[in-house]
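I'd like to ask some things about the structure below.
No value in this document is a laboratory result; all are computed from the given coordinates. In this text, all values refer to a predicted model and were calculated from it rather than measured experimentally. As a convention, Cβ positions derive from the backbone with ideal geometry for all residues, glycine included, and neighbour counts pool all protein chains shown.
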Ligand SMILES: C[C@H](O)[C@H](O)[C@@H](O)[C@@H](O)C(=O)O
Ligand SMILES: [Mg+2]
């Protein structure tokens, strides 16, 4: 089969600080409207400042906005993907990464990926918005390749190792998640180390209440969003053990490897330590794995795309660790269904009250599959590429052209 080349790459943004419309969600799923559980006094490294304690949007969690990358092949087929990078991402795609993409054959994804990573090392700092942008390009390329050869991405990656993906839900209402068929519920912590023992008591009270509502067997986890120090995390973990907390997630910032190593030593037996959603390099994941993280949680839209995610999964596998990506919808589903070390996956509840399942990247993707009774089947993924289309009725802007 003679494969086409990539003729054009284009980058669009939606929302973020540079836009007029906010609260839409999309690739920047933290950019939700008012009264959303995801912005209601969640513990962060900024919680120690009174003025930034209540809302993550107040310190700029939603400044970036959605980045949409579209790639068009010489035969007219198009592929696309989204991430969190907005206008900055558009600049990087149009003025820098485009040179590595246009003119290559649609199957030359690994070569493009390597060139993107190495050519941006001098300003990527090994992660952050540059890697989010590279991820979106990588994902768009996989989508295009799948659409050209008319195969779902998971088949290009070697095929499914299971028929279904089972999900846990992240949100404020694990009790409702249980009724919706999920296998567990991950609660954000609302108090950080800045609040000491009082903070621990308050988060434990919420956990105890949820345990009472969901019964003994349903999984409950804490997502601590980089808001703790080792002593606080250790105390919280021990206080949570009687309520059968399954794991403590992202207690520290991504590069505090020694803190993770220390916490692992201090944790109650059987409780898991997880992290990874804000790590953007292979080396970073290797260090987390070395530190004894039980579940690596890369975000496929922030870690270098599917190409990097497969490499990270291999690092975890070499140690008998799991890789359970940070919720990222189809971009994650097509990869994890091919991984032997991903027995379950995350669904991030983007409904304001976490009381029903709303597609994670709503409204930017059309046909975005959602779990029913906590499950998405391989069959549901059986469409070319990632199986979704771009919702062109969204207010997309193309700020730069090349
Ligand atoms: C709920 C958390 O604070 C974050 O909003 C979420 O993105 C995350 O960390 C997760 O693991 O889903
Ligand atoms: Mg998390």
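Please give the direction-averaged projected area of the C-alpha convex hull for segment 156-383, in square nanometres with one decimal.
Values: hull surface 47.1 nm².
Approximately 11.8 nm², given one-decimal rounding.
Here is a follow-up. Average projected area of the Cα convex hull of segment 103-165, in nm²? Don't skip to the end; give the middle numbers.
Details: hull surface 22.2 nm².
It is 5.5 nm².
Determine, from the Cβ-Cβ distance of residue 382 and residue 208 and an R0 of 60 Å, the FRET efficiency 1/(1 + (r/R0)^6), rounded to the nearest 0.05. Let's see the in-between values first.
Numbers: r = 43 Å, r/R0 = 0.72.
For R0 = 60 Å, the calculated efficiency reads 0.90.
As a footprinting exposure proxy, order 144, 366 by other Cβ within 10 Å, with the fewest listed first.
Final ranking by Cβ density, sparse to dense: 366, 144.
Sorting check: for 124-137, 309-322, which peptide has the highest mean count of neighbouring beta carbons within 10 Å, and how do the rest follow?
On the way: 124-137: 24.1, 309-322: 18.5.
Highest mean packing first, the order is 124-137, 309-322.
How far, in degrees from 0 to 90, does helix 257-266 lean away from the longest principal axis of the Cα atoms of the chain, to the nearest 10?
40
Taking 37 °C and 0.692 mPa s as the conditions, I'd like the Stokes-Einstein D for the chain in µm²/s, using the Kirkwood hydrodynamic radius from alpha carbon pairs. Write out the running numbers ahead of the final one.
On the way: Rh = 21.2 Å.
Translational diffusion coefficient: 155 µm²/s.
What number, in percent, do you get for the relative contact order of segment 156-383 if the mean sequence gap of Cα pairs under 8 Å and at least 6 apart is divided by its residue count?
Details: 455 pairs, mean separation 53.4, N = 228.
So the answer I get is 23 percent.
While we're looking at this one, here's another question. How many angstrom separate the Cα center of segment 49-116 from the Cα center of segment 145-168?
22
A further question follows. For the chain, find the longest principal axis of its Cα atoms and tell me its angle to the long axis of helix 129-149, 0 to 90°, nearest 10.
Approximately 60 degrees, to the nearest ten.
Hey, could you pull the Cα Rg and Dmax for segment 348-402, both in Å?
Values for segment 348-402 (Cα only, Rg and Dmax): 14.2, 46 Å.
Tell me, what is the FRET efficiency for residue 389 and residue 265 to the nearest 0.05, using R0 = 35 angstrom and their Cβ-Cβ distance as r?
Values: r = 48 Å, r/R0 = 1.38.
The pair residue 389/residue 265 has a calculated efficiency of 0.15.
Separate question: Can you pull the one-decimal nm distance between simple spin-label points at residue 115 and residue 96, each 7 Å off the Cα toward Cβ?
Inter-label distance under the simple model: 1.6 nm.
Note down the nm distance, to one decimal, between modelled labels 7 Å out along Cα→Cβ at residue 340 and at residue 150.
3.3
Suppose only helical runs count, i.e. DSSP H with n ≥ 4. What mean residue ellipticity at 222 nm does that imply for the chain under -39500 (n - 2.57) per run, divided by all residues and rounded to the nearest 500 deg cm²/dmol? Don't jump to the answer; show the numbers that get you there.
Details: 13 runs with 127 residues, N = 402.
Mean residue ellipticity, 222 nm, calculated: -9000 deg cm²/dmol.
Going by how many other Cβ atoms sit within 10 Å of their own, how do 29, 49 line up, fewest first?
Working: 29 23, 49 12.
With the fewest neighbours first, 29, 49 line up as 49, 29.
Of 244, 2, 50, how do they rank once you tally other Cβ atoms within 10 Å and put the fewest first? Before the final figure, lay out the partial values.
Working: 244 15, 2 5, 50 8.
Placing the least packed residue first, the sequence is 2, 50, 244.
Counting alpha carbon pairs within less than 8 Å and at least 6 residues apart, what relative contact order, in whole percent, applies to the chain?
Numbers: 937 pairs, mean separation 83.4, N = 402.
Dividing the mean separation by the residue count of the chain yields 21 percent.
Compute a Gaussian network model of the chain, connecting alpha carbons closer than 10 Å, and tell me which residue from 122, 344, 167 fluctuates the most.
Residue with maximal mean-square fluctuation among 122, 344, 167: 122.
Relative to the longest principal axis of the chain, what angle (0 to 90°, nearest 10) does the C-alpha long axis of helix 109-119 take?
Taking the Cα atoms of the chain, the angle to 109-119 is about 70 degrees.
Would you mind calculating the gained length between residue 164 and residue 22 on full extension (0.36 nm times residue separation, minus the Cα-Cα distance), in nm to one decimal?
Details: separation 142, 0.36 × 142 = 51.12 nm, distance 3.50 nm.
Answer, rounded to one decimal: 47.6 nm.
Extension gain residue 375-residue 400, at 0.36 nm per residue separation less the Cα-Cα distance, in nm?
Working: separation 25, 0.36 × 25 = 9.00 nm, distance 3.99 nm.
Separation in residues times 0.36 nm, less the Cα-Cα distance, equals 5.0 nm.
Right, something else. Whole angstrom only: what separates the Cα centroid of segment 363-402 from the Cα centroid of segment 265-308?
What the calculation gives is 26 Å, centre to centre.
A follow-up question, please. Among 271, 347, 116, which one shows the biggest mean-square fluctuation in a GNM of the chain, springs joining Cα atoms closer than 10 Å?
Largest GNM mean-square fluctuation: 271.
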